[in-house]
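The values are calculated or read from the model by the stated rules, or taken from the named source; none is laboratory data. Please read these numbers as outputs of a predicted model, since none were measured by experiment. Glycine also receives a Cβ, built like all others from the backbone with ideal geometry; neighbour counts cover every protein chain displayed.
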Amino acid sequence: MFFLNKIILFFQNHIKQFHFSRFVVCDRSMEPAFYDGDHVLTFNWIKPHTGDVIVFKSNRKNLIKRVAKIKDSKIYVEGDNRRFSSRIDPIVTDQVIGKVIVKY
């Protein structure tokens, strides 16, 4: 089990080395575009733009949100469903894992 945890930690810390990653949506903040349990594929070598849906790291969790604006190298994100979306401080490019390109 210790070895498996080390492998998982390695991949979590080096995820941007891969072109694509897949995630499962685990909240309701992006409804109706993305529902709890949806699977998404991200392209990891991108520069985010306003309107993109991205997956990013925040407090050791992967979150999915829409880019609201980019100002002074800070990325402001928000969920489409304001009732269930928590307020997130601006993030930086290093926190971005990738842009959602497919929901399946």
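How many of the residues in the range 46-88 are without any contact (Cβ under 8 Å) to a residue 40 or more places away in the chain and touching a helix residue (DSSP H, G or I) at 6+ places or on another chain (Cβ under 8 Å)?
The total comes to 3.
Tell me the residue from 71, 99 that is among the basic types (Lys, Arg) and either more than 10 Å from the chain's Cα centre (by Cα) or at positive phi (or both), please. Give the steps one after another, and end with the answer.
Numbers: 99 fails: either more than 10 Å from the chain's Cα centre (by Cα) or at positive phi (or both).
Of 71, 99, the one residue that is among the basic types (Lys, Arg) and either more than 10 Å from the chain's Cα centre (by Cα) or at positive phi (or both) is 71.
Determine whether residue 71 is surrounded by 16 or more Cβ atoms within 10 Å (Cβ to Cβ) and among the basic types (Lys, Arg).
no
Within the group 65, 57, which residue is in a strand (DSSP E or B) and surrounded by fewer than 17 Cβ atoms within 10 Å (Cβ to Cβ)? If you could, list the steps in order and put the result at the bottom.
Values: 65 fails: surrounded by fewer than 17 Cβ atoms within 10 Å (Cβ to Cβ).
57 is the lone residue from the list that is in a strand (DSSP E or B) and surrounded by fewer than 17 Cβ atoms within 10 Å (Cβ to Cβ).
Could you check, for the range 13-26, whether at least one of its residues is assigned to a strand (DSSP E or B), at pLDDT 90 or above and over 14 Å from the mean Cα position of the chain (by Cα)?
no
If only one of 100, 96 is buried (at least 19 other Cβ atoms within 10 Å of the Cβ), of a type in the set (A, V, I, L, M, F, W, C) and touching a helix residue (DSSP H, G or I) at 6+ places or on another chain (Cβ under 9 Å), which one is it?
96
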